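The values are calculated or read from the model by the stated rules, or taken from the named source; none is laboratory data. Every value quoted in this text rests on a predicted model; they were computed, and no experiment measured them. For neighbour counting, all protein chains shown are included, and Cβ atoms are generated from backbone atoms with ideal geometry for every residue, glycine included. For accessibility, only protein heavy atoms count, side chains too; no ligands or nucleic acids. Shrake-Rupley method; radii C 1.70, N 1.55, O 1.52, S 1.80 Å.
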Amino acid sequence: MPDRSGDRPLGIFGGTFDPVHLGHLRLAEEAADQLDLAGVRWIPAGQPALRGAPQVTARQRLAMVRLAIANNPRFAVDAAEVDASEVEGARPSYTVLTLERLRRADACGAQRSLVVLLGADAFAGLPGWYRWQSLFDLAHLAIAHRPGFPIDRAGLPAGLATCYDARFCERSTTLAESPAGRIVTFAMTPLAISATQIRSLLAHDGSPRYLLPDEVIAHIRNHQLYLED
Ligand code: ATP
């Protein structure tokens, strides 16, 4: 179905979500508010390209994202990367290919403003992404502050720093003025939560409460996930 939900930018939030936690949820919620997004499309990676295999299946990670965002009318899930990963001979999930799919006329089309949401740690690693420079032909980038990962212009790899200088905008309102190509940053409530920390707590009988939604914890318990590091 074509997405005609208005002229406001659409947030695109990819991740491994192994498992999804409150850091992810606050990032998406605060991005929606601060960047005046029409909504946020969550896209769990099928086979993440830049890290080892996730601890649980793509289908389980997708199920947990669905539970986490179920009651938020601004959030929706896109299962395409998970579906693709289950096809024989699946390739890793690449953001640039996902954005090309979203740009097709039967999805968001060429003119809709799309904003890829990511944490500062992920942004620093951008030059490792497949065809990373092409991302800016397809979407804007909004970088969330993350505890322990300052957005430090001087510390960026040279190619990324040049790109940042050329594309950075102070005002997030500029995101609605074009389909793609800008970089903005936004300060979210600092939450030093990571999926790594949660996996470790679960494997060592620690309590993960208040780090991720209760529904997701119940799913983890029911399916006996993350029993080992
Ligand atoms: P792991 O610990 O397994 O590496 P993670 O907690 O970083 O996982 P991912 O699924 O890899 O979670 O992250 C998806 C996106 O969310 C990335 O862009 C990441 O930078 C961002 N993110 C994750 N946790 C936070 C957080 N606490 N604050 C801000 N951004 C975050």
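Which residue pairs have Cβ atoms under 7 Å apart, sit 6 or more places apart or on different chains, and have a first residue in segment 158-173 that is closer than 14 Å to LEU141 by Cβ and a second that is part of a loop (DSSP other than H, G, I, E, B) and aliphatic (A, V, I, L, M)?
Final answer for the pair search is TYR164/LEU156; SER172/LEU35.
Within segment 21-40, how many residues are under 18 Å from VAL116 (Cα atoms), out of contact with any Pro (no Cβ under 8 Å at 6 or more places or on another chain) and touching a residue at least 60 places away in the same chain (Cβ under 8 Å)?
Selection size over segment 21-40: 8.
Out of ALA53, ALA58, which single residue is within 20 Å of LEU97 (Cβ to Cβ) and surrounded by fewer than 21 Cβ atoms within 10 Å (Cβ to Cβ)?
After ruling out the rest, the residue left standing is ALA53.
Output the number of the condition that ASP121 fails; it satisfies all remaining conditions of (1) more than 26 Å from ARG171 (Cα to Cα); (2) within 16 Å of the ligand (Cβ to nearest atom); (3) of a type in the set (Asp, Glu).
(1)
State the number of residues belonging to segment 206-217 that are crowded, with 19+ Cβ neighbours inside 10 Å and either away from the ligand (no atom under 13 Å from the Cβ) or of a type in the set (Val, Ile, Thr) (or both).
3
Residue by residue, here is whether (1) open to solvent by 70 Å² or more (accessible area, probe 1.4 Å); (2) away from the ligand (no atom under 12 Å from the Cβ); (3) under 13 Å from the mean Cα position of the chain (by Cα) holds:
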residue: GLN34; (1), (2), (3): yes, yes, no
residue: ARG41; (1), (2), (3): no, yes, yes
residue: ASN71; (1), (2), (3): yes, yes, no
residue: ARG101; (1), (2), (3): no, yes, no
residue: ALA110; (1), (2), (3): no, yes, no
residue: VAL115; (1), (2), (3): no, yes, yes
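Could you please give the count of residues in segment 169-205 that are assigned to a loop (DSSP other than H, G, I, E, B) and either open to solvent by 70 Å² or more (accessible area, probe 1.4 Å) or within 15 Å of the ligand (Cβ to nearest atom) (or both)?
Within segment 169-205, residues that are assigned to a loop (DSSP other than H, G, I, E, B) and either open to solvent by 70 Å² or more (accessible area, probe 1.4 Å) or within 15 Å of the ligand (Cβ to nearest atom) (or both) number 13.
Here is a list of conditions, (1) over 28 Å from ARG209 (Cα atoms); (2) open to solvent by 10 Å² or more (accessible area, probe 1.4 Å); (3) modelled with pLDDT of 95 or more, and GLU81 meets all of them except one; can you say which number that is?
Of (1) over 28 Å from ARG209 (Cα atoms); (2) open to solvent by 10 Å² or more (accessible area, probe 1.4 Å); (3) modelled with pLDDT of 95 or more, only one is false for GLU81: (3).
In segment 1-45, which residue that is modelled with pLDDT of 95 or more and of a type in the set (Lys, Arg) is farthest from ALA176 (Cα to Cα)?
So the residue we want is ARG26.
Return the total of residues in segment 117-157 being more than 23 Å from LEU191 (Cβ to Cβ), in contact (Cβ under 8 Å) with a residue 40 or more places away in the chain and open to solvent by 60 Å² or more (accessible area, probe 1.4 Å).
Number satisfying all stated conditions: 2.
Determine whether THR95 is open to solvent by 30 Å² or more (accessible area, probe 1.4 Å) and under 24 Å from ASP33 (Cα atoms).
Taking the combined requirement at face value, the residue satisfies it.
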